[in-house]
Amino acid sequence: MTRLLQNFVGGSFVDGGEEFDDVNPVDGSLVARVQAADREVVDRAVRAARAALDGAWGRFTAADRVALLRRIADRIEARFDDLLAAEVADTGKPLPLARELDVTRAAANFRAAADLVAGLGVDSFLTETALNYAVRRPLGVVGVIVPWNLPLLLLTWKVAPALATGNAVVVKPSEETPASATVLAEIITEAGAPAGAFNVVHGFGPGSAGEFLTTHPDVDGITFTGESRTGAAIMKAVAPRVLPVSFELGGKNAAIVFEDADIDSTVDGLARSVFTNTGQVCLCTERIYVQRGIFDQVAAGLVKRAQELRFGRPDDPRTTTGPLISQGHREKVLSYYAIAEQEGAQLLTGGGIPDVGRELAGGAWVEPALWTGVANSARIVQEEIFGPVAALMPFDTEREAIRLANDSPYGLAAAVWTTDLQRGHRVAGAMRVGMSWLNTWYLRDLRSPFGGSGLSGIGREGGLHSLHFYTEPTNVCVKL
Ligand code: NAD
Ligand code: 6OD
């Protein structure tokens, strides 16, 4: 029987709403039917969140919230397989990736937020005449809107600090990946969260649950991860109420490889940074600048790695690479394969649709594509594609590499590959991005600032940065 995913409002799943399909991108089969939240359901969710803040949830002390978050992390581990199944059915990603990255990080996100609040003090300044100290209040009702690429990881990355600091949340998962948020609603309830602290509304963006949430008059802040142009639309929607926003948006991330790099580990790192999750991670490298003397060697190494990718079902141990999220996204990625051709790029490998056999023919499969021979101004070098792709370009000097890497409207992430640590330190620090890795990629410490500049976002989350977004300080000045 087809499963039905419902909205979660005020501690219960509620029936009703126009239904849409949740599709498995591996073969196009139906995962579930989903009930979209109309304006009235979104309003009920926001009111439930407000009532929770005014009621039982608002009376939770910091210690109560820390204990709750730790129970949620424990429950995530207890229901690991349910979350794994939900995430894999929605995204088609290989099981080991979902196991090691997505679901594991969900528990880690709750523990990190619990640790943050457990160890929290207040800013204070004591002089002969006054004691100033800043108490922190939750923002209130926070709308959390997330994309489909790392659905549970990105949802919990925001929900955990929001709850830890005492907010009530209304979350809007991506229409492509609604299933894991539904399991999370059960888990948060089982862990003892009061009704209304956590609500889920399903649906789309414009004219649907996303818009109803961002335009709701009783929402106090929006935290969003997704495309840059969606961030711009949300900014417009919240402008009349001057709401605080935290935006983690798109990227067109550069890697710089110097001649002294350790070639084998660099090619390993580049392959991971280009092909992980079929290139659907905002941090993925899509531009690779290689110092001329080793260009051919690095290109050949990466081509070999692309040709070794194996497409298949998530539970097949030979599978390294899943499909893209949807046919719509595949059309977008393939349109860039055509643009690359029009721009005169030299295709080093791939660039088509793989033969995955009849059973999987309904899936959103693409081959990777590696290009060279294009200018930095080419669209395939400037625009986010969000697929298993990269353009490789040679450079001669450090200065030139920095200039080329920074020539982008995005500013999310970069990776520098060199055995000269002084140079690595210098170049990594010169990248105009939120996160710069040296001889690694996507190595995370959850206390460090995460986010981007330019088209890549506004603000940072992680550790104290999350605390600052999800709370408002009130400074109390006591005359002594
Ligand atoms: P998207 O912007 O299309 O959708 C993201 C979410 O916003 C979805 O839940 C969607 O329903 C909702 N939405 C869409 N339009 C809306 C509107 N007008 N008002 C309110 N909500 C709306 O993004 P996507 O295609 O789901 O995800 C891929 C994008 O996300 C890529 O650009 C990628 O780089 C970016 N991303 C960024 C980060 C980061 O941390 N910087 C992380 C993951 C993904
Ligand atoms: O690791 C994280 O905390 C994070 N926010 C990752 C985002 C990945 C983008 O797709």
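Which order, highest average first, do 262-272, 247-257, 95-105 follow once you tally other Cβ atoms within 10 Å for each residue and take the mean per peptide?
Those peptides, ordered most packed to least, come out 247-257, 95-105, 262-272.
Hey, which aspartates and glutamates would be in cross-link range of residue 236, C-alpha to C-alpha under 12 Å, not counting anything within fewer than 8 residues on its own chain?
Output for residue 236: 211.
Let me understand the range 378-480 better: what is its radius of gyration from the alpha carbons, and its Dmax, in angstrom?
Spelled out, the Cα radius of gyration and Dmax of the range 378-480 are 17.7, 65 Å.
Using a basic spin-label model with each label point 7 Å from the Cα along Cα→Cβ, how many nm lie between residue 104 and residue 444?
Roughly 1.2 nm, to one decimal.
Kindly report the accessible area of the range 155-260 per residue (heavy atoms of protein chains, probe 1.4 Å, no ligands, DNA or RNA), in Å².
26 Å²
If you average the C-alpha positions of the range 323-402 and of the range 189-247 separately, how far apart do those two centres end up, in angstrom?
32 Å
Could you grab the relative contact order for the range 1-116? Cα pairs under 8 Å, six or more apart, rounded to a whole percent.
24 percent
Efficiency by 1/(1 + (r/R0)^6): what FRET value for residue 190 and residue 477, r their Cβ-Cβ distance, R0 = 45 Å, to the nearest 0.05?
Working from the Cβ atoms, E equals 0.55.
Rg to Rh ratio, the range 1-54, alpha-carbon atoms and Kirkwood radius?
1.11
What percent do you get for the relative contact order of the range 245-363 when only Cα pairs under 8 Å and 6+ apart count?
22 percent
Hey, which lysines would be in cross-link range of residue 304, C-alpha to C-alpha under 22 Å, not counting anything within fewer than 8 residues on its own chain?
List returned: 93.
Across 5 Å bins from 0, what is the distribution of all Cα-Cα pair distances for the range 175-310, in whole percents?
2, 8, 13, 13, 12, 11, 10, 9, 9, 7, 4, 1, 0
Label points 7 Å out from Cα along the Cβ direction at residue 81 and residue 420: separation in nm?
A separation of 5.4 nm, rounded to one decimal place.
If r is the Cβ-Cβ distance from residue 61 to residue 242 and R0 is 41 Å, what FRET efficiency results, to the nearest 0.05?
0.85
What is the helix-to-structure angle for 62-78, meaning the angle in degrees between its Cα long axis and the longest Cα principal axis of the chain, kept from 0 to 90 and rounded to the nearest 10?
50 degrees
Of the peptides 40-47, 415-422, 16-23, how do they stack up when ordered by the mean number of other Cβ atoms within 10 Å, highest first?
40-47, 415-422, 16-23
Going by average Cβ neighbours within 10 Å, how do the peptides 224-235, 120-131, 336-347 rank, with the highest at the top?
Going from most to least packed, we get 224-235, 336-347, 120-131.
Ignoring ligands, DNA and RNA, what percent of the accessible area of the range 245-387 is carbon or sulfur (1.4 Å)?
About 47 percent, which is the carbon plus sulfur part of the accessible surface.
Work out Dmax and Rg for the chain from the C-alpha atoms and quote the Rg first, both in angstrom.
Considering the chain through its Cα atoms, Rg and Dmax are 22.9, 79 Å.
Would you be so kind as to identify which of 147, 130, 119 lies farthest towards the positive end of the dipole of the range 117-210, taking Lys and Arg as +1 and Asp and Glu as -1 on Cβ and the Cα centre as origin?
130
So what is the calculated 222 nm ellipticity per residue for the chain, using -39500 (n - 2.57) for each DSSP H run with n of 4 or more, over all residues, to the nearest 500 deg cm²/dmol?
-11000 deg cm²/dmol
Please report the antiparallel percentage of DSSP beta bridges with both residues in the chain, rounded to the nearest 5.
Antiparallel bridges make up about 40 percent of those DSSP assigns within the chain.
For the chain, what is the charge dipole size about the Cα centre, in debye to the nearest 20, if Lys and Arg each add +1 at the Cβ and Asp and Glu each add -1 at the Cβ?
With Lys and Arg at +1 and Asp and Glu at -1, about 1060 debye.
So with the 1.4 Å probe, I'd like the accessible area per residue for the range 323-476, rounded to whole Å².
Ligands and nucleic acids excluded, the result is 44 Å² per residue.
So what does log10 I(q)/I(0) come out to for the range 91-159 at q = 0.19 Å⁻¹, using the Debye formula with one equal point on every Cα and no solvent?
Debye intensities relative to I(0), on a log10 scale: -0.87.
Pull up the cross-link candidates among the lysines for residue 252, meaning alpha carbon to alpha carbon under 19 Å and not fewer than 8 places away within one chain.
Qualifying lysines at Cα under 19 Å: 332.
With the alpha-carbon atoms as the only input, what is the per residue convex hull volume for the range 297-348 in Å³?
Enclosed volume per residue, from the Cα hull, is 84 Å³.
The values are calculated or read from the model by the stated rules, or taken from the named source; none is laboratory data. These numbers come from a predicted model, not from an experiment. Ideal geometry is used to build each Cβ from the backbone, glycine not excepted, and the neighbour counts take in all protein chains shown. The protein model used for the area step is the full one, side chains on, heavy atoms only, and it has no ligands, DNA or RNA in it. Shrake-Rupley method; radii C 1.70, N 1.55, O 1.52, S 1.80 Å.
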